[in-house]
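The values are calculated or read from the model by the stated rules, or taken from the named source; none is laboratory data. On a predicted model such as this, the values are computed, not experimentally measured, just so you know. Backbone-built Cβ (ideal geometry, glycine too); neighbour counts: all protein chains shown.
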Amino acid sequence: MPNSFSAQARTIDNTAGRPIHSQVLSIPFDKPMQSQFQTLLILAIAFLWQACLPVATLADRVQLRQQASGPAAKAAPVLEGEILIEADDGGMLFLQNDGQLKILQPPAIASKTNEDLRSAALPQKDFGQQLLAELPNGFQIHTTRHYVIAYETDRSYAKWIGNLYEGKLKKSFQRFWKNRKFRIKTQEPDFPLAAIIFSNRQSYSAWVQRELGKPPEDMVAYYNLMTNRVAMYDMTADQGNGQHAPKRDLDLVLRDPRSVRMVSTIIHEGTHQLMFNTGLQTRLADTPYWLNEGIAMFFETPDLQKKQGWRGPGQTNFERLGDILRYARHRPIDSIETLIATDRRLQSGGEESAWAYAESWAMVHFLINRKPAAFTRYLTHLAEKKRLVADEPETRIADFKKFFGEDLSQLDTEFLGYVKELK
Ligand SMILES: [Zn+2]
């Protein structure tokens, strides 16, 4: 087991003119945030963790009393949940009963007991109350079967998102993977799925500053791997004269071409959340970013002809297609290799980042449609990876080759042929 935990922040910004979403890992402690993600899954920990496997710490359900003097203890003196990994010095990766992951440093924990615990997950009603207690005043809760939506805006907007997530996205997502091409049986989420909708950019920015320790800049929505929540603001305020869409006009808003970005962002972040809550991917395990982002982009494409603004996954994303075709004119021969080996290209910012996103979208599109059986096995393999273990670039490449073949140049030819046929 690891000796101790340290933490770094990780963000992905989708820059270069398309900075619409982000996937965020933050460590919400009294540690200073670090803006540059280098090794999220800290290599030292990874090494020590691997060196002493197996450690039977999973599903240790406990109650933790935090030190009264610690800043986190004021808000939540007692935490309930499961210890996922425990370090030698008592630090731990803790899964709280509302689905939040926390890294607890030993001085923060006063005592530990495993008595008197009720159910594994917080009931939806308590979950909503807890969420409200954390948020600024003025929020209300809208629930669907699996989602708890905290909103500071018009109720009709929250209901629209509830219908989009519960009625369309979650159903489509699970049906898609169950399809005979994949036969992946997704799980039902262990915890309510939370979305927080701020009324405007300003209140959203204040929240981002508080939660991530830096301004959102171009990021208009994000899924936070640690809190397991999606946060966004009512983007109808960006359309028209800063007025929110009244209930009767939401249909009209969705017919506005400017809504494309809004719908794709909401679906994109909701897809990230579903991937990590239905067993398709594991939070804090080493899922390559190109894959994670590629799947989110595969699902996101809006269809404003439909009442909800979205039809289902796999539509051609013409913006990404344009980018990948432009990139193909000067694309290096080892482009697949650099895409899968590390997350660097997706995080580099600027044009390179936009190309890497486009290539990720196209690669997922290609693998889903041309290599579904291998893609399924690859996903299953990645879902079984251990938390907090960072793969070396060689492992990433070897994993990929194991399922899609040793000859990456042959695959590259197939891939480019596929992309050029897309319309
Ligand atoms: Zn994303």
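Could you list, in sequence order, the residues of segment 148-163 that are part of a helix (DSSP H, G or I) and surrounded by 19 or more Cβ atoms within 10 Å (Cβ to Cβ)?
Our first condition is that a residue be part of a helix (DSSP H, G or I); within segment 148-163, this holds for 155-163.
Correct list: Y157, A158, W160, I161, G162.
Among the residues of segment 333-356, those that are out of contact with any Phe, Trp or Tyr (no Cβ under 6 Å at 6 or more places or on another chain) and either of a type in the set (A, V, I, L, M, F, W, C) or under 16 Å from V419 (Cα atoms) (or both) comprise I333, S335, I336, A341, A354, A356. Can you find a residue that is more than 15 Å from the ligand (Cβ to nearest atom) and in a helix (DSSP H, G or I) anywhere in segment 306-319? Scanning segment 306-319, I find at least one residue that is more than 15 Å from the ligand (Cβ to nearest atom) and in a helix (DSSP H, G or I), so the answer is yes. One residue alone among R326, R331 is away from the ligand (no atom under 16 Å from the Cβ) and part of a loop (DSSP other than H, G, I, E, B), and that residue is R331. Can you tell me which residues in segment 174-204 are more than 21 Å from N163 (Cβ to Cβ), over 19 Å from the mean Cα position of the chain (by Cα) and assigned to a helix (DSSP H, G or I)? If the condition is that a residue be more than 21 Å from N163 (Cβ to Cβ), over 19 Å from the mean Cα position of the chain (by Cα) and assigned to a helix (DSSP H, G or I), then K178, R201, Q202, S203 are the ones that fit.
Being at pLDDT below 95, crowded, with 20+ Cβ neighbours inside 10 Å and in contact with a His (Cβ under 6 Å, 6 or more places away or on another chain): is that true of A221 here? Let's see the steps before the verdict.
Values: at pLDDT below 95: yes; crowded, with 20+ Cβ neighbours inside 10 Å: yes; in contact with a His (Cβ under 6 Å, 6 or more places away or on another chain): yes.
In short, yes.
Listed by first and then second residue, the pairs linking a residue in segment 199-218 that is surrounded by 18 or more Cβ atoms within 10 Å (Cβ to Cβ) to a residue that is of a type in the set (K, R), with Cβ atoms under 9 Å apart and 6 or more places separating them unless they lie on different chains, are V208/K214; P216/R201.
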